[in-house]
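The numbers here are math on the coordinates, done by the rules we state, and not lab data. On a predicted model such as this, the values are computed, not experimentally measured, just so you know. Using ideal geometry, Cβ is built from the backbone for each residue, glycine included, and neighbour counts are taken over all protein chains shown.
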């Protein structure tokens, strides 16, 4: 089945397989000065849905926390959430459904730690292909069942290792690791790749290169975490991030996770100042994590996040969602405030 | 020891070993129109107990949740329940005993995730034979200790992977995987094989083929989960399921798990409409799972499930049990309502 | 260091290494009639402490639950308790200390599941030697620190698998498995081997043979679990157990775990009737496990267990302790009642 | 980047790589009599920061519990805390930040169980290098972000195994195991190595030899746990420990963990008596662990630990921190009392 020949109920599972070609995503290479965003890619098979979503105009609602929801559902800290795509698929599906019902137009697969270096912590490094592909197919089925107008984003998070020479992870190996995961996600039918929660410029650019190796034309969203007094843990500033990510070929850039909307807001503003044409993304945690018995508690309620959504929009963000501590209720409130409620 | 020569106390452990031959279970191959159920198999060593149970007439009480009970007993989400057959056998036995005391006539082994693909998530893929066989022997011992008139069903659940070409699991491999598990269950002495909670037609037919490879004559129950607006997650309708499962050689078919009796009832009715002679099975969750902190809570109490049991019976189901969220108390109430209380 | 040359503070760690020789433990082979217990072994290096303990006369207080205590201390169900000998030794030591302070004269190592078949569930099957030996050395250090008059018993539990031909475990392999564990315990300096919680005669005799292969003279206590209406799960009666275990060369026999003192009491009485000279062991759970949310709760309080201890003594038991659900407080009360309080 | 060329915000990540040479750390080899501490090492690249910290004079505040904090944050007992350096780095960073904010000048990496023998319990023995190096780089980033005046200590704990001939761990293997971990920590940029919670003299000296093999000049702190009536579990006295550790080349020695300040105080006093010139370290648990349901509870509140800090100082300790049961609040109170509050 494909998009042109849906089943009578329109619930056919779309599977595009690996894609090649598509638009040239190379970006301006100027090392400084206002950054010129890449020209919009030519319409093609890979990014048609992405382009159509952008063409709608207005803010785009992303989704919220997966990990927080999984822990609520019984996942133990330290266990691999990606294994639940196989062992507890009904739980993962229920979470996706929650965000789809809340109006999210970009929903992320449960594959944040699905690269082989993190899966190796659990002896699952030989299953990258299955776990990512299964996650993508499962989310696609939920999107189709919900009407089909949301995009499936293949989630790629950090390896957890430090890049050489400071750490032990060589750049070539990192690119391989990310390419493997991205290829599996793309084989499972994702509409785009979303690289997130990165602290190292060299790691996020390795991830972009890996995704590009898997598909020359797949849209890529790339977001870093600015949780250390306005910088990433490894000392990257919002300006540095914006320049570097656009240069590396990301289709949208921004910040996710971190210490709540108040800290992400200036990050977005700074990115907007140096890259006014870039598609900016804000996916903040539900408030500054407060420590209760050293356990992070996120106190921003849905109205607070709704207000934050408006502030992100005003600061220049186009794609707006939430991260740790959020739930479908938060996202629904944000969609309402942004005028994109379902 | 065998059935003909019980020990003085009648508690002998029956072990039939691997069985071959038996009745021909091939079914009508008509692709449409009212489905003709296969003729009853000839009496033989494999399915004598199954035939005797059917010959009693009236509804047959199956059992209820295993997973819900194990989580109550301390199993962590994400850990393999099958390992408890070896590491905490007294807990598994206690659960079986609860359902036997409640009057269940078909009780399922603790082997839902006992195929090598799911056990591989836990590094246990080399122990399929032992874990399944041990589970079967242990349940047989409990059945014998309880008087011996219940049947031991070898439980087979999905692999968690998606079938090719959409996913990564080739059909031949799937058949191998299920045949391995079925052979171990049969070697452990199960009376029948129960394949459940499936969403993909190609996966459940692979499971039926696997079970048939392990034993040409073993009775097979095959149930799917219709939890996506009346269809399975992969878009299979009750009618499609009924036709396909009967064609594939299942001895009884139906639905299990899902969103509670209210959603399973029309599934049974639709199956009954297209396959009026089929032995239908209804094993619903204890109500629609409600989300409390994203954790599923099942609120149907025993009287509600008892009423549901009567409705399933009226809709054409012959074998009636329960699934997630149920307990021996629910099953006892259902047996009472159905007039098959112990 | 050895017993004859203690350090000034008497806290030297005794390590005897592997022992051979010692008394002939072969027993009467009469298949029926009153069982004649084996003649007391000649005094020798292996069992001198065991013989000295028996020579004191009167009841001997064993210890109580290890697993219950570990779960209270944070062990997750399904995780291997034996790993805590390495990863959380202070917790294991604290539990041993609790029983030593309560007056236990025979304390068991934290190695119930320390055979390679159960450790294989956790990928630890290559560490049988280290985990068992470490457990034994650690308990010896605690016994020495507490004054040194208790015996260290190397705990051996079931493999969890079913013996062939019913199950998959061949007898020769079982003997190997138990011999490996027993050798490691003996290398770590245990005073005796305690095989417990067995349901199958063929498995417990394999364990006795394994222990004997590791040391011809080490004292062996062998206890089964009679939790299925007076029989073991596999249908073994107390009389059968008594005859078989004595024949197999056990130095003391009895029952452990199960459904509380009320069910273990007739077991001891029946063993006493057919083997009046045998050293009998009663190590009951702290009452019949009651189901609260399918989780076992043990309600017998210390006074109840103290009374039970007296009843076991009256029924013929010489070595008296407790099992699941008990704590040092229970054991202290039992010691008080039996007149062997510290 | 390096120390001489910080980034404008002074947040550059320092990475020194593997270091060789430096001062000769060999110590007096006199087997008895008052112990002469080694002469202060020559200033050099390896230990300049250590020497500078000592040169400040006055007490030095170390940090507090890592494990207690991780368990509060959701770590399960029995799971490897070191994996969180990769899978939950934000939690580990938050804990480090807590101690840095409390004024700790020596903060330890989350690598207590990061040797290959303990990581092997979790199938992670091939990742010693990455886990330790990542932990060191991550802590360095936090220290830099907090201003940079704290030292990063690479934490090394016991293997959990018993040294031969009593146990199974050969001395040469132990040295290899510790050298591997120390090399990874040093490659990650630690300022010193802190070996702690040891009970066996042969194991702690193997650890010192291993660290020395990785770097001839790195400062080494070595502390044992005196939790068995004033001795270590293996019967080592404070005097024996002091003599042996100084002889083995440790730069600072003392006690950590155990049964609270009241038991550690005489240990420090005894060490001070035999080694008056040694730099002594006191890192006590937050009180005697009390058993609540067999779970250790530490009841010493911050004022109590502050008072204990003063007592340790009076007894001769120079480096003062806390261990299990403590939190940043305890450390802040101790720093206040010692007059080293931030």
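Per residue of peptide B:158-164, the mean number of Cβ atoms on other chains within 10 Å of the residue Cβ is 6.
Measuring nothing but alpha carbons in segment A:220-342 and taking Rh as the Kirkwood radius, the Rg to Rh ratio lands at 0.97. Distance from the alpha carbon centroid of segment D:152-201 to that of segment A:142-189 works out to 36 angstrom. In this simple spin-label model, placing a label point 7 Å from the Cα along the Cα-to-Cβ direction at both residue A:341 and residue B:314 gives a separation of 3.9 nm.
Percent of Cα-Cα pairs per 10 Å bin, from 0 to the last occupied bin, for segment D:297-342, please list those. Per 10 Å bin, starting at zero, the Cα-Cα P(r) for segment D:297-342 comes out as 30, 59, 11 percent. Between identical copies, the spacing of residue B:290 label points, each set 7 Å from Cα toward the C-beta atom, reads 2.8, 2.8, 4.0 nm from nearest to farthest. Taking the Kirkwood radius as Rh and the Cα radius of gyration as Rg, segment A:48-140 has a ratio of Rg/Rh equal to 1.02.
Largest GNM mean-square fluctuation across D:309, D:148, D:103, computed for chain D with C-alpha springs under 10 Å, falls on D:148. Peptide C:227-233 has a mean shielding of 4, counted as Cβ atoms of other protein chains within 10 Å of each residue's Cβ.
Between residue B:125 and residue C:299, the simple label model (points 7 Å from Cα in the Cβ direction) yields a spacing of 4.7 nm. With its label point put 7 Å out from Cα toward Cβ, residue C:147 sits 5.4, 5.5, 7.7 nm from the same residue's point in the other copies, in order from shortest. Peptides D:281-289, A:72-80 ranked from most to least packed, by the mean per-residue count of other Cβ atoms within 10 Å: D:281-289, A:72-80.
With its label point defined 7 Å out from Cα along the Cα-to-Cβ axis, residue B:58 lies at 6.2, 6.2, 8.7 nm from the matching points of the other copies, in increasing order. Along its first, second and third principal axes, ordered by size, segment B:189-229 spans 36, 18, 11 Å in Cα coordinates. Footprinting exposure proxy ranking of C:46, D:340, C:107, fewest other C-beta atoms within 10 angstrom first, gives D:340, C:46, C:107. As a proxy for reagent exposure, ranking D:271, C:138, A:224 by other Cβ atoms within 10 Å from fewest up yields C:138, D:271, A:224. Of the beta bridges in the protein assembly as shown, as assigned by DSSP with both residues counted there, near 10 percent are antiparallel.
Per residue of peptide D:68-76, the mean number of Cβ atoms on other chains within 10 Å of the residue Cβ is 5. Annotation: the antiparallel percentage among DSSP beta bridges lying fully within chain C is about 10. Across chain C, the mean sequence separation of Cα contacts (distance under 8 Å, 6 or more residues apart), normalised by length, yields a relative contact order of 21 percent.
What the Cα convex hull of chain A gives, in volume per residue, is 126 Å³. Mean residue ellipticity at 222 nm, helices only, chain B: -12000 deg cm²/dmol; runs of at least 4 DSSP H residues each add -39,500 (n - 2.57), and the sum is divided by the number of residues.
For segment B:203-270, the convex hull drawn through the C-alpha positions has a volume of 75 cubic angstrom per residue.
Looking at segment D:188-254, the DSSP beta bridges with both ends there are about 10 percent antiparallel. Highest mobility in the GNM of chain C, judged by mean-square fluctuation with C-alpha springs under 10 Å and restricted to C:236, C:297, C:128, is found for C:297. Each of A:96, A:330 was scored by other Cβ atoms within 10 Å of its Cβ. Listed from fewest to most, they are A:330, A:96. A full extension of the chain between residue C:52 and residue C:149 corresponds to an added length of 33.9 nm, given 0.36 nm per residue minus the alpha carbon distance.
The GNM of chain B, with springs linking C-alpha atoms under 10 angstrom apart, assigns the highest mean-square fluctuation among B:321, B:210, B:235 to B:235. Compactness check for segment D:97-177: Cα Rg over 2.2 N^0.38 Å is 1.31. Dividing the convex hull volume of the alpha-carbon atoms in the protein assembly as shown by its residue count gives 162 Å³ per residue. In this structure, residue A:172 and residue A:240 have a Cβ-Cβ separation that, at R0 = 25 Å, corresponds to a calculated FRET efficiency of about 0.60.
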